[in-house]
Ligand code: SAJ
């Protein structure tokens, strides 16, 4: 522990002004919650004035939310803190010199899962701008999901290089990973327990001070920076593994002619005595900005740690295998569609498929890394005509998305459900058959939203993930 840092922070007193870099799904709710706390005087939101996201600056300063989709309470809170003069957004990063704490919520995608190469370009730029402008005693927190070892390694190095100061002595540095889900951003930040990990005890303590003031029911869980990085990447990796396990079981149930949902109910029934059976749901794939890459951050963390891993010779990581199983599910949806079309005497090349659901998660407009993209590509590559429906997603590069379900299913040979939007639970077999205008239309259910018997009774060729009892 550096007594020098402790003295500087004691001298500086409590955190008053905060800067949040990255006005996205993580940065915006975090910034306005800080601004809404009486404990803090003012919050700067920092956003690059780039052609793709510069528009957010004026929108936020008008008190409007640039985030798509329904985010309960967010628009009102942005307006409240802007009108109160407690929050402003800017592209002038020199203002970082005015704040006591700065958090970075910047995307950290992967360039290649194969080479385990992340794309830290935006993060590094954010760290350089931070390092160039921080003053003595500032707390720097990385909220982005990062490869374990990044906070105490790359981030520390860049911040020290740019600031000419020493982390742990002149400024504090920590990792406090975000744990938000679209559709409940504010609630997640207030209510989820917060993992906080500093590169030293002073930094951890300073970060605890920052986050404890925005939590309502969540607790702070302090640990080291690397443990915090592993906690975040591992919790998403474990979720991905759980989903892969039920997806693999679903594929087995199809072969064995049984219903995976009966099996799931059965497994889930074993309760009590500390028995937790977290059986998740099989489906048409795993998308989003988190589960699709955090496994690779974890794997890379092991690789860059330089330690010698004791693991079965030549055996692939079960976490990476899980990724591959989940990445296979859109391919499985395609295979089920081709099988069903052939039962209806059709091939993809002379068929039209209505693809229902472009978002990666139900009842949201978020289509980052959506599994629907691979499914559509496989159909198009086999000469099939594909039309896409989604009730929430407005636009997507290179894909025309309709909000009119009846237009999309009209004269279709097959309808495939890729996302579990509430709307699809209400699909009516006879009405859909009429719109498709086929004697034996095909329906492929990738999210178990319809009742197979209702559709089979209407003459549909039915296929469902995990429904070996009906396929
Ligand atoms: N999915 C399934 N079966 C399931 C659950 C999900 O196929 O039983 C699919 C979904 O359809 C979706 C994908 O997986 O395509 C991801 O879904 P998700 O519910 O995990 O949503 P994310 O990725 O937005 O949220 C995850 C959450 N992580 C954990 O619960 C460990 C969330 O708490 C994190 O904040 C978020 O990642 C993140 O930002 O890291």
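The values are calculated or read from the model by the stated rules, or taken from the named source; none is laboratory data. These numbers come from a predicted model, not from an experiment. For neighbour counting, all protein chains shown are included, and Cβ atoms are generated from backbone atoms with ideal geometry for every residue, glycine included.
Does residue 72 count as under 26 Å from residue 205 (Cα atoms), surrounded by fewer than 20 Cβ atoms within 10 Å (Cβ to Cβ) and out of contact with any strand residue (DSSP E or B) (no Cβ under 8 Å at 6 or more places or on another chain)? It would help to see each step written out before you state the result.
Working: under 26 Å from residue 205 (Cα atoms): no; surrounded by fewer than 20 Cβ atoms within 10 Å (Cβ to Cβ): yes; out of contact with any strand residue (DSSP E or B) (no Cβ under 8 Å at 6 or more places or on another chain): yes.
No; evaluated as a whole, the condition is false for this residue.
Of the residues making up the range 219-232, those that are under 20 Å from the mean Cα position of the chain (by Cα) and either more than 9 Å from the ligand (Cβ to nearest atom) or not in a helix (DSSP H, G or I) (or both) are 228, 229, 230, 231. Residues in the range 408-430 that are surrounded by fewer than 13 Cβ atoms within 10 Å (Cβ to Cβ), part of a helix (DSSP H, G or I) and more than 16 Å from the ligand (Cβ to nearest atom): 430 alone.
If the condition is being touching a helix residue (DSSP H, G or I) at 6+ places or on another chain (Cβ under 8 Å), assigned to a loop (DSSP other than H, G, I, E, B) and surrounded by 15 or more Cβ atoms within 10 Å (Cβ to Cβ), then the range 240-286 contributes 279, 280, 281, 282, 283, 284, 285, 286. If you go through the range 398-407 and keep only what is under 30 Å from the mean Cα position of the chain (by Cα) and in a helix (DSSP H, G or I), you end up with just 405. Would a scan of the range 352-366 turn up a residue that is in contact (Cβ under 8 Å) with a residue 24 or more places away in the chain, more than 13 Å from the ligand (Cβ to nearest atom), farther than 22 Å from residue 391 by Cα and surrounded by fewer than 23 Cβ atoms within 10 Å (Cβ to Cβ)? No, there is no match, as no residue in the range 352-366 is in contact (Cβ under 8 Å) with a residue 24 or more places away in the chain, more than 13 Å from the ligand (Cβ to nearest atom), farther than 22 Å from residue 391 by Cα and surrounded by fewer than 23 Cβ atoms within 10 Å (Cβ to Cβ). Can you confirm whether the range 295-302 contains a residue that is within 27 Å of residue 201 (Cα to Cα), at pLDDT 95 or above, part of a helix (DSSP H, G or I) and near the ligand (Cβ under 9 Å from one of its atoms)? For the range 295-302, residues within 27 Å of residue 201 (Cα to Cα), at pLDDT 95 or above, part of a helix (DSSP H, G or I) and near the ligand (Cβ under 9 Å from one of its atoms): absent. Scanning the range 351-374 for residues that are in contact with a strand residue (DSSP E or B) (Cβ under 9 Å, 6 or more places away or on another chain) and outside any strand (DSSP E or B), we see that the one that is modelled with the lowest pLDDT is 367. Remark: pairs (first residue in the range 284-297, closer than 23 Å to residue 336 by Cα; second residue in a loop (DSSP other than H, G, I, E, B) and within 7 Å of the ligand (Cβ to nearest atom); Cβ separation under 6 Å; 6+ apart in sequence or on different chains) = 284/371; 285/371; 287/360; 287/371. Evaluate the following for residue 29: is it at pLDDT below 95 and farther than 18 Å from residue 96 by Cα? Judged against the criteria, residue 29 is not a match.
Would you mention how many residues in the range 206-224 are farther than 16 Å from residue 142 by Cβ, touching a strand residue (DSSP E or B) at 6+ places or on another chain (Cβ under 7 Å) and surrounded by 17 or more Cβ atoms within 10 Å (Cβ to Cβ)? Break it down stepwise before answering.
Going through the range 206-224, the residues farther than 16 Å from residue 142 by Cβ turn out to be 209, 212-221.
Then drop every residue that is not touching a strand residue (DSSP E or B) at 6+ places or on another chain (Cβ under 7 Å), which leaves 212, 215, 218, 220-221.
Then drop every residue that is not surrounded by 17 or more Cβ atoms within 10 Å (Cβ to Cβ), which leaves 218, 220.
Within the range 206-224, residues that are farther than 16 Å from residue 142 by Cβ, touching a strand residue (DSSP E or B) at 6+ places or on another chain (Cβ under 7 Å) and surrounded by 17 or more Cβ atoms within 10 Å (Cβ to Cβ) number 2.
Would you point out which residue out of 137, 131, 198, 164 is away from the ligand (no atom under 16 Å from the Cβ) and closer than 24 Å to residue 236 by Cβ?
Answer to the selection: 198.
Going through (1) within 12 Å of the ligand (Cβ to nearest atom); (2) under 25 Å from residue 150 (Cα atoms) one by one, residue 319 falls short only on (1).
Where residues in the range 431-446 are under 23 Å from residue 338 (Cα atoms) and in a helix (DSSP H, G or I), which of them is nearest to the ligand (Cβ to nearest atom)? It comes out as 432.
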